[in-house]
Amino acid sequence: MDGQDWFYTDVVKEHFIRPRNAVLFDSQIEDMDAVGEVGSPACGDIMKIWIKVKDGKIIKCMWKTFGCASAIASTSMLSEMVIGMTLEDAIKIKAKDILDKLGGLPSKKIHCSVLGDQALKKAIENYLDKHQ
Ligand code: FES
């Protein structure tokens with residue numbers, strides 16, 4: 001196996017070691033407005049994302065996963081990217097945008113970055129369903 005196959009950038013390592021906006025206690029998500037949950041068909045891991053919205057913008061984004069280091073780093077990055085974004089812009093984010101910010105992931109770990117992206121879309125849809 002080529003060592004490059006498992007190369008993790010410093011940004012990935014930093015977000016894995018110090019995940020941003022991860023839910024540690026249930027009290028942190030008591031006031032959230034919506035939630036989205038997905039499971040990965042590739043590995044069976046689960047991702048859950050909560051959002052809080054004000055004036056059409058995401059003001060808080062928190063998450064919890066049973067996924068791997070790549071899922072943790074990807075969703076940590078995603079949670080920072082979406083805070084301050086309109087729902088309209090946030091729903092357009094693609095896994096590739098997260099990967100670009102991370103400087104990439106090993107090819108066998110790309111599916112891990114899709115989890116946060118899909119859970120966020122479900123959270124936004126959940127919010128829109130509740131507020132129509
Ligand atoms: Fe399942 Fe990464 S292997 S989320």
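Values quoted throughout were computed directly from the atomic coordinates according to the rules given, and no laboratory measurement underlies them. This structure is a prediction, so every number in the text was calculated from the model and none was measured. Here the Cβ positions follow ideal geometry from the backbone for every residue, glycine too, while neighbour counts run over all protein chains shown.
Counting helices only, and only those DSSP H runs with n ≥ 4, report the 222 nm mean residue ellipticity of the chain as the sum of -39,500 (n - 2.57) divided by its residues, in deg cm²/dmol to the nearest 500.
Details: 5 runs with 55 residues, N = 132.
Calculated at 222 nm, the ellipticity per residue is -12500 deg cm²/dmol.
Hydropathy at least -0.5 by Kyte-Doolittle, axial extent at least 15 angstrom from the Cα trace: which helices of the chain, defined as entire DSSP H runs, fit? Spell out each step's value before the answer.
On the way: long enough: 69-82 (20 Å, 1.02); 110-130 (31 Å, -0.20).
For the chain, where a helix must reach 15 Å along its axis and average at least -0.5, the hits are 69-82, 110-130.
Quick one: length gained pulling LYS101 to HIS131 fully straight, 0.36 nm per residue minus the C-alpha distance?
Numbers: separation 30, 0.36 × 30 = 10.80 nm, distance 3.12 nm.
My answer for the length gained is 7.7 nm.
Multiply the residue separation of VAL23 and VAL11 by 0.36 nm, subtract the distance between their alpha-carbon atoms, and state the gained length in nm to one decimal. Could you put the intermediate results ahead of the total?
On the way: separation 12, 0.36 × 12 = 4.32 nm, distance 2.04 nm.
Here the answer is 2.3 nm.
Starting from the 7 Å offset along Cα-to-Cβ, what nm value, one decimal, do you get for the label separation of ILE46 and ILE91?
2.6 nm
Taking springs between alpha-carbon atoms closer than 10 angstrom, which of THR75, THR86, THR65 fluctuates most in the Gaussian network model of the chain?
THR86
For the chain, set up a GNM with springs between Cα atoms under 10 Å and report which of LEU99, LEU78, LEU120 has the largest fluctuation.
LEU99
Within region 48-132, list the chymotrypsin sites (Phe, Trp or Tyr not before Pro) lying in a DSSP loop whose Cβ has at most 14 other Cβ atoms in a 10 Å radius. Intermediate results must be reported in sequence, preceding the final value.
Values: sites: TRP50, TRP63, PHE66, TYR127; in loops: PHE66.
Counting only loop positions with at most 14 other Cβ atoms within 10 Å, the chymotrypsin sites (Phe, Trp or Tyr not before Pro) in region 48-132 are PHE66.
Inverting the mean 1/r over all pairs of different Cα atoms, compute the Kirkwood radius of region 24-132 and quote it in Å.
Details: mean 1/r = 0.0731 Å⁻¹.
One decimal place: 13.7 Å for the Kirkwood radius.
Count neighbours as other Cβ atoms within 10 Å of each site's Cβ, and list the GluC sites (Glu not before Pro) in region 1-52 that are DSSP loop with at most 15 such neighbours.
Working: sites: GLU14, GLU30, GLU37; in loops: GLU30.
In loop regions of region 1-52 (DSSP not H, G, I, E or B), the sparsely surrounded GluC sites (Glu not before Pro) are GLU30.
Taking the chain as a Gaussian network, Cα atoms linked when under 10 Å apart, which of ALA22, ALA42, ALA69 shows the biggest mean-square fluctuation?
ALA42
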